[in-house]
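This report concerns only the one structure given below.
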Amino acid sequence: MELYPAIDIRDGKCVRLRQGDYADETIYGDDPVAVARSFAEAGAVWIHTVDLDAARTGSGANRAVVAAIAKEVGALNVRVQSGGGVRSEHDIEELLGLGVARVIVGTRAVQDPEFISSVAPRFAGQVGVGLDARALTDGSYEVAAHGWTAGTGVELFSLLSRFDDVGVAAAVITEIGRDGMLTGPDVDGLARALDASSIDIIASGGVSSLGDLSVLGGLVSRRDGRRLAGAIAGKAIYEHRFTVHEGVVTCRVASGAVSSAEG
């Protein structure tokens, strides 16, 4: 399991939202490229970026920033995973052309799963899906779209299973109610996601401590014995709950990639 430190971009700035609410924003810096460089220098091998403006409107408002991040950290052999506003094959091609290593498709994947079945094989290992969902009182999860502003009536795990065996590189699973809240990840929901699909699962939302990362690293699929491929952390890093270096080492130790002595 790798740590994916997150950079959410809005109006060219590095921000975090609470529970996906665009009216509840904290700005953490005016220079996302410098933030990305600091993450890379601290040992991250992946950086997760989201164009929040594009996620809501569909226009790639911050793609120049994403391109600058990819160029900066690419020189340090760090890969960028990027989502937000990816609605078409052209968007995928554009982001890959900007140096992004993996493009995450959200709203289009929910509304048109066949689109993913079509494009994922063509961009082998470079297209993932972003499934953002709200946990409901009956134990189900409803997927949201358009930057979390619209419910869809689609159930998370049944949708996730549709992407098996079509070449999807990874699925980023976010429980919206926990995102930006530092209340801990949705361990039960992520365990169910591991069981529902053979796709690499990247956990997102709620990580608040190294202990949370250790718990996530210990999850094992009952389906095939695999573990989470990654864990995204944003606010916990910006609020100095742990450093990127500490998070990278904890993820690898927790998932058995290295021993604590090696870390």
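Of these, Ala40, Ala67, Ala34, Ala55, which one is open to solvent by 10 Å² or more (accessible area, probe 1.4 Å), without any contact (Cβ under 8 Å) to a residue 24 or more places away in the chain and in a helix (DSSP H, G or I)?
Ala34
Can you run down the residue pairs with Cβ atoms below 9 Å, 6 or more apart or on separate chains, where the first is in the stretch 220-245 and within 13 Å of Arg16 (Cα to Cα) and at pLDDT 95 or above and the partner is open to solvent by 80 Å² or more (accessible area, probe 1.4 Å) and of a type outside the set (Gly, Ala, Ser)?
The qualifying pairs are Ala233/Arg241.
If we keep just the residues of the stretch 187-221 that are acidic (Asp, Glu), out of contact with any Ser or Thr (no Cβ under 9 Å at 6 or more places or on another chain) and closer than 25 Å to Gly151 by Cα, which is surrounded by the fewest Cβ atoms within 10 Å (Cβ to Cβ)?
So in the stretch 187-221, the residues acidic (Asp, Glu) come out as 188, 195, 200, 212.
Of the ones still in play, those that are also out of contact with any Ser or Thr (no Cβ under 9 Å at 6 or more places or on another chain) are 188, 200, 212.
The next check asks that each one be closer than 25 Å to Gly151 by Cα; those that pass are 188, 200.
Working: Asp188: 12, Asp200: 17.
By that ranking, first place goes to Asp188.
If I filter the stretch 95-104 for residues that are at negative phi and modelled with pLDDT under 95, do I get at least one hit?
The answer is no, given that none of the residues of the stretch 95-104 is at negative phi and modelled with pLDDT under 95.
Which one is farthest from Ile116 (Cα to Cα), of the residues in the stretch 66-106 that are touching a strand residue (DSSP E or B) at 6+ places or on another chain (Cβ under 6 Å) and of a type in the set (Gly, Ala, Ser)?
By that ranking, first place goes to Ala70.
Which pairs turn up if I take residues in the stretch 131-146 that are open to solvent by 10 Å² or more (accessible area, probe 1.4 Å) and look for partners that are among the hydroxyl-bearing types (Ser, Thr, Tyr) with beta carbon separation below 6 Å, at least 6 apart in sequence or on another chain?
Between residues of the stretch 131-146 that are open to solvent by 10 Å² or more (accessible area, probe 1.4 Å) and residues that are among the hydroxyl-bearing types (Ser, Thr, Tyr), the close pairs are Asp132/Thr174; Ala135/Tyr141; His146/Thr107.
Just for the stretch 106-119: of the residues that are within 18 Å of Ser158 (Cβ to Cβ) and among the hydrophobic types (A, V, I, L, M, F, W, C), which one is surrounded by the most Cβ atoms within 10 Å (Cβ to Cβ)?
Ala109
The values are calculated or read from the model by the stated rules, or taken from the named source; none is laboratory data. Quick caveat: nothing in here was measured; it's all calculated off a predicted structure. For neighbour counting, all protein chains shown are included, and Cβ atoms are generated from backbone atoms with ideal geometry for every residue, glycine included. Keep in mind that these areas ignore ligands, DNA and RNA; they rest on the heavy atoms of the full protein, side chains included. Shrake-Rupley method; radii C 1.70, N 1.55, O 1.52, S 1.80 Å.
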